[in-house]
Every structure is written in structure tokens, then in C-alpha cells.
Amino acid sequence: MVQALMARLWLCVLLVVALGAGGVAWLIARPPSPRGYSGLEFAQVTGAAASRAPLLSARGALVQQVAEKSPAAEAGIKAGALVAAIDGMTITSARQASMIVQRHGAGDRVTFTLFDEAGGRVHPKNVAVTFDAAPPENKAIFRVKPPRTLAKEFFNPPGMAANASWSHRLAHGVSVRPRAMPELDSGDCSGVAPEEWRVKDSGKGMIHLVSKDDGLHAIYKLVALDSAQRHDPKGYVTGLVHAIFHSTVASAPTETWNFGVSSFNFGNRAGVAGLALWRMNGNVLSVWIAGVPASEIAWAMPVTAGTMLSLQCKDRLAPQPSPRDPGLVATAVSSDCLQGRCQDSDFAATYLQKYRLGYVHAHDGEVFLVDPKRDFWLNGQEGPGFYRQLGGENEKLMPGRTN
């Protein structure tokens, strides 16, 4: 009898301990209770969404839905935007974004760094959202206490249509919206750049392009060096960077690339970070310089480099065209180079492969930046190649730039 009672007692003790441990584990594992309301719902970033934001350095989170009259809606956030960071913290998943949002209470002011794909913009912008205590009471779906729709995450976005012709490539981000790079020229110099860029300065054998806000710079210069300067081209390039950005330059060690191209990364006290490349032809030095705000180098440098490496001048100092080398990738060079007339910029543009970028152009000559591996269709309407959506149809693009 006593042994039976002791066995039952031990069984009860073990049951209580197990329940207690399970309760502690549940308390530890459960997500934090929502304390504020933003009106945002997050989803995983699909391949298609990621392909439309080539400058997004991390995976991010997709804004699945924005509730009407919510703090997020009033701040101007729209469904389809990509969240790159929240209060400066890089976002790598929808779950992370949801957990961060749920920690904030009423009155908290939270800054979202967005790639606003809904507005067709690929440059990030910061949007501040002040959280409310609860959703509007006139919405029946929110008439529960505590409110239950504060931040959601969706992990099963709708699938592509069954047996659709290009379902696999569409689901992984078909290049129907490659980045347009209109041509800019001044005198004998030209290049391609994102929309709203402009020519800041130009002269004999020189052109300087800048973005709308003067924050991004792309420069090309041809110069004849004397005998002393030819022995130290990096010194000349460093001095040129200093003269352009009006600040002392700190440069990294020189790197050597194919076709006689050299480069170094630099920074200065003015907060500019950048890249300089050069190539010698006899006593003529070709120099390409890109400068961006150091805090924005991750997203800004690739597109600035794509602009910089398109620049060229048909000055008397320009080297004579050379035959195309087999090592020159078609998406890194000009259409002239593809026909056997390669300029210095074609040889320097092999550096673009570091950023996984390349040039393609339409039949009307319009140039675009693409990722040569990701944006290549194996089963396009007109065979393998690059495409863009135009008037409901997919137009095949050709490799190379046309300036």
C-alpha cells in the first residue's frame, strides 16, 4: 500500500515538473505580444521582387499589405515596397521585420528604409512611421481586444499559373524591367546613366556626370603624362581624386586587372568613398573615377560604376580602336567593340563583372543594365537572350551598349 502511494506521488511530481518545463519553454519561444499598431503586413521577398531591386544588399522583407488609414499608409508606404532596414537594422526576412515591429508601442517613431518598387524606384528612401495604440475602431475586422492584426507575415505567396510558358523564370524574377540607362553626351564625350543624371562638367577629353542630388559622381578623363608622371600613374590619379572631391584621399593598395587596367578604392574626410581605374597607352592615361557617399556605398557603387565604365571620349588623345579580344564579354562592351572596334572603356568595363552587371540595348538604341546570369532567359519567345516588357509584349534585347 505504501509503495503504491509513493509511486503515485512520484508520478504526480514528474507530471508537475513536465508541465512546468513545457510552460517555461512556451513562454520563452512564443513571439512578443504586439503593443502598437502600424498597419503593415510582411511577406517573404519573392525572386521576382528581388530582381526588381538589384541594389538591395540583403534579402529584406516584402510589404504584403498596408491597412487603410493606418500609420504606415499615412506615412506613404505602399504594398509592394521592399523593407531593407528598420531603424538602421538590416532586414533579412519577413519574420525578423514582423518581430521588430511587434516590439514597438503606441507613440514610437520607427524609420523604415524602403526600396519603393510600387513607385518604380530602385533607390532606397527612409520613411518614419509613428505607431498608434490600436487600429481604427470603424474597421470591424479589428474589433477585438487586444487587436490581433498588428504585423503579419506570409510565407506562401501565390504560385505561378500551372503550365505557364515561362513560369519558372517568372517566379525567379524575369528581367522585364531592366534598369534604363539613357545616353548623356557633351562635346566629343558620352556615356549612359540612370534617369535624372546630368552632365556636371566637360571639356577636352573629359566628362563628369552626377546624380540629381549631386551625391553620385562618375568621371572620365584622358590626359598625356610627362616622363615623370608615367612612372607613377597612381600618384597622378590620387591627385585628380583629391582635386575633384576637395579632400585628402586615403587609398587602398593597387589592384591589377586584365588588359592593363589598374584600380584602387579610396575614401576621404568629406565622407566620399569611391573607385578609381586607369589604363596606360604609351604616354596617354585614361582615368575613370566613381564617388558615392560612404554610408550608401553598398547600393550606390554598382550603378555608379556602371555609369562610369560607359564613359568615353573621341578626343585626339584617344587610343586607336583595337580588335575585340576573346576575353571581352559581350555584355561589358560597346556595340562598336562587338564589331571589332574596341576603345579603352571597353577594356576597362570588364571590371563590371565584379558587380555582376552588364549592358544590353534595344533595337532603338536604348541601353539597360542587367545581371548577365540572373536575367538571361533560356526559353524566351525569340530564343535565349535578354528581354524587356514593352506594351504587353516581351522585346528581345541585344548585348552591349550603344553610346
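The values are calculated or read from the model by the stated rules, or taken from the named source; none is laboratory data. Quantities reported herein were computed from a predicted structural model and do not represent experimental measurements. All Cβ positions, even for glycine, are placed from backbone atoms using ideal geometry, and neighbour counts span all protein chains on display. Side chains included, ligands, DNA and RNA excluded: accessible areas come from the protein's heavy atoms. Shrake-Rupley method; radii C 1.70, N 1.55, O 1.52, S 1.80 Å.
With a 1.4 Å probe and every protein chain left in place, tell me how much accessible area Lys78 has, in Å² to the nearest 10.
Lys78 exposes around 120 Å² with every protein chain in place.
Got a number for carbon plus sulfur as a percent of the stretch 173-318's accessible area, 1.4 Å probe?
49
Less than 15 Å Cβ to Cβ from Gly271, Lys/Arg counted +1 and Asp/Glu -1: what total charge do the surrounding residues give?
Every neighbour counted, the sum reads -2.
What are the ³J(HN,Hα) values, in whole Hz, obtained from phi via the Karplus relation 6.51 cos²θ - 1.76 cosθ + 1.60 with θ = phi - 60°, for each residue of the stretch 231-248 in sequence order, with x given for Gly and Pro?
So the J values, rounded to whole Hz, are 7, 9, x, 4, x, 5, 5, 4, x, 5, 4, 4, 5, 6, 9, 6, 7, 4.
For the stretch 253-298, what ratio Rg/Rh do Cα atoms give with a Kirkwood hydrodynamic radius?
Rg/Rh for the stretch 253-298 comes to 1.06.
When only the heavy atoms of the protein chains count and the probe is 1.4 Å, how do Thr256, Thr304, Thr113 rank by accessible area, highest first?
Thr256, Thr113, Thr304
Which pairs break 19 Å Cα to Cα here: Lys373/Lys396; Lys200/Lys221; Lys212/Lys396; Lys221/Lys314; Lys78/Lys125?
Lys212/Lys396
Keeping all protein chains in place and using 1.4 angstrom, which order do Asp188, Asp214 fall into by accessible surface area, from largest down?
Ranked list, largest accessible area first: Asp188, Asp214.
With every protein chain kept in place and ligands, DNA and RNA left out, what is the accessible area per residue of the stretch 253-388? Probe 1.4 Å, answer in Å².
41
For the stretch 321-361 and the stretch 239-261, write down the distance between their C-alpha centroids in whole Å.
Cα centres, the stretch 321-361 to the stretch 239-261: 22 Å.
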